[in-house]
Amino acid sequence: MIEFKDVSKIYHTRQNTINAVDHVSLKIQDSEIFGIVGYSGAGKSTLVRLINNLERPTSGSVYIDDVDMTTLNGKALRTMRQNIGMIFQHFNLLWSRTVRDNIELPLELKGLNKAQRQQKADELIDLVGLKGRETAYPSELSGGQKQRVGIARALANDPKILLCDEATSALDPATTEEVLELLLKINQQLHITMVVITHEMHVVRKICQNMAVMDTGKIVEQGAVLDIFRHPQADLTKEFVQEEVNPEKDDTKVIVSQLLEQVPDGLILKLTFHGEQAKLPIISEMLKRFPGIELNIIEGNIHQTQGGALGNLYLQLVGEQTLLTQGVAFLNTMRVDTEVIRNA
Amino acid sequence: MRDPNSFASYFNFAQVNWNNLWSATVETVWMTLLSLVFVFIFGIILGLLLFETTGKHTAGAVILNKLTAIFVNIFRSIPFIILIVLLIPLTKKMTGTIIGPRAAIPSLIISAAPFYARMVEIGFHEIDAGVIEAAEAMGASRLQIMWKVLIPESLPAIVSGITVTGISLIGYTAMAGVIGAGGLGNLAYQDGFQANQNAVTLTATVVILIVVFIFQAIGDFAVRKIDKRAIA
């Protein structure tokens, strides 16, 4: 387990002081993928560097299992770091080394002999799907391939923890998907704890079980990814969730206002489905029970998360007021989250 | 008799003693290469020292950085011809002589190493800080970072730097030659200028140019070979 206990990191510049990390307490369980979301400058990168002590906290402690990382120095710290892999936004490969030699670097640092290094590198090249590219130099690889080398290199010492610092932010959407799939596969096969720093909610939704949202050094919200997607509390979290779940929010607003103009007596509903519900024919069930209700679908979407499917549906219901109230009550009994956007 | 100042006198190659020319060439190349080896070693050590102590806040690092910087800046700034005179007592102590190629070596090293150290330092600063951070995150020690990251990742700069330094060293050896260090500079001055044999001066010049061009070509070739940053 990784545990932050009231950790702060303060930078002093000539002009002012910056609270990069501000009294953060956080627990990350073994074998989970934990996401930390925030805009750039929120302090995520500093936070993740406190784990392997690339940054030292101004106050507080960071524990990995029972070891207080902040007390380690010299050899003890370097040995501990060998158990923590790290991948980066810009890959940070050595251009002077081939794929294979980049992957072998951590093993060289540890002092393994050539045969041991080669065997481990072969396994990793297989794992990340780079067979046939062993002798290529980084300049000959695509972004996705470079990150695969980065991942293989980070796994060379069989770490317990993998830190991912905006690992997909420099990649195009298709490559991002591939890299995320690879990280999921590694988490499932090797049970490595992963801490994923990102500004893309999409990444968290796709691979994380638990998450925290960070703003100006503080954790403003944390919990299970599915819960946060369903019921975001903080304004910033709502913004992130909205961006991911429904990027065309403004379009929906326009459609809703147009519909309201056309059918002033309609009831506009936002339904949120999750898990198994997303697969059930709940709407048609409601229509069967209340044939007097007329229904327009304004917009809908469905997303897969590690906790199950998550869907949003915007509906317009037209009919007698009592019937509509019964309809909404029925939806609630089916445990669908309903939100009345406008009740004309 | 021909006029020793005529244009044609430059081409009176009968004046050239080819044996002398050959041994002078060997002396020049030998002085350059031997001092270059020391310049390379000291330059890298000084460059690492400068790089590692820059931006650190511990008292030791600050002092070491200042001392190294002062040493480098002073010896880089002294004109070579003055430095060689200034160092005559030291040269005598170290080599037992103040004439001949051997006597030129200490001043050649002391003048070129600080110059090269700065180029090495610049090469280290051009390395992406993220790459160094990645090595730290792997648990690399400072020494491992120097050996496995800093030097290999800045190798093109290190090699092109030593090429440039080597070429200015060839120039320095010629200057040292004038005050008795031997080599092509000495030949051009004594057998050429002072003996009014313009053809000797011209030949020595051409040979120095050839040596410089060969040096540059080897350096450029090596850089092209090592540099894997661009797609071939």
task: Answer yes or no: is there a residue in the range B:158-175 that is more than 14 Å from every other protein chain (Cβ to nearest Cβ), of a type in the set (Val, Ile, Thr) and over 12 Å from the mean Cα position of the chain (by Cα).
output: no
field: Spans of helices (runs of 4 or more DSSP H) in the range A:132-232 with at least 2 residues within 14 Å of another protein chain (Cβ to nearest Cβ)
entry: A:143-155
- request: Return only the number of the condition from (1) under 23 Å from B:ILE151 (Cβ atoms); (2) out of contact with any helix residue (DSSP H, G or I) (no Cβ under 8 Å at 6 or more places or on another chain); (3) assigned to a helix (DSSP H, G or I) that B:SER23 does not satisfy.
  value: (1)
query: What residue, of A:SER31, A:SER45, A:SER59, is touching a residue at least 24 places away in the same chain (Cβ under 8 Å), under 30 Å from A:GLU140 (Cα atoms) and more than 8 Å from chain B (Cβ to nearest Cβ)?
result: A:SER45
query: Which one of these does B:ILE226 not meet: (1) of a type outside the set (S, T, N, Q); (2) away from chain A (no Cβ under 14 Å); (3) surrounded by fewer than 21 Cβ atoms within 10 Å (Cβ to Cβ)?
result: (2)
field: Selection count, the range A:114-131, where residues are farther than 21 Å from B:GLU153 by Cβ and either crowded, with 20+ Cβ neighbours inside 10 Å or within 13 Å of another protein chain (Cβ to nearest Cβ) (or both)
entry: 5
query: Does A:GLY311 fit the bill of being within 23 Å of A:LEU226 (Cβ to Cβ), in contact with a Phe, Trp or Tyr (Cβ under 7 Å, 6 or more places away or on another chain) and at pLDDT below 85?
result: yes
message: Between a residue in the range A:129-157 that is without any contact (Cβ under 8 Å) to a residue 12 or more places away in the chain and assigned by TED's automatic domain parsing to the domain that holds A:GLU181 and any residue that is in a helix (DSSP H, G or I) and not polar (S, T, N, Q), which pairs come within a Cβ distance under 6 Å, given they are 6 or more apart or on different chains?
response: A:LYS131/A:ILE125
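Here are B:ALA104, B:ALA112, B:ALA117, B:ALA188: which of them is crowded, with 22+ Cβ neighbours inside 10 Å and touching a Gly at 6+ places or on another chain (Cβ under 7 Å)?
Answer to the selection: B:ALA117.
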- line: Per the filter on the range A:165-203, residues surrounded by 20 or more Cβ atoms within 10 Å (Cβ to Cβ) and of a type in the set (Ser, Thr, Tyr) are A:THR168, A:THR176, A:THR193, A:THR198
task: Identify the residue in the range A:132-150 that is over 29 Å from the mean Cα position of the chain (by Cα) and surrounded by fewer than 20 Cβ atoms within 10 Å (Cβ to Cβ) and, among all such residues, is farthest from B:ARG229 (Cα to Cα).
output: A:GLY132
statement: Heads up, the strands (runs of 3 or more DSSP E) in the range A:1-113 (entirely inside) with at least 2 residues that are within 18 Å of the chain's Cα centre (by Cα) and surrounded by 19 or more Cβ atoms within 10 Å (Cβ to Cβ) are A:17-28, A:33-37, A:84-88
task: Mind telling me which of the residues A:HIS23, A:HIS12 ends up being assigned by TED's automatic domain parsing to the domain that holds A:VAL220 and under 18 Å from A:GLU221 (Cβ atoms)?
output: A:HIS23
- prompt: Within the range A:12-45, how many residues turn out to be modelled with pLDDT of 90 or more, closer than 15 Å to A:SER59 by Cα and out of contact with any Gly (no Cβ under 9 Å at 6 or more places or on another chain)?
  reply: 1
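The values are calculated or read from the model by the stated rules, or taken from the named source; none is laboratory data. In this text, all values refer to a predicted model and were calculated from it rather than measured experimentally. Don't worry about glycine lacking a Cβ; one is built from the backbone with ideal geometry, like all the others, and counts go over all protein chains shown.
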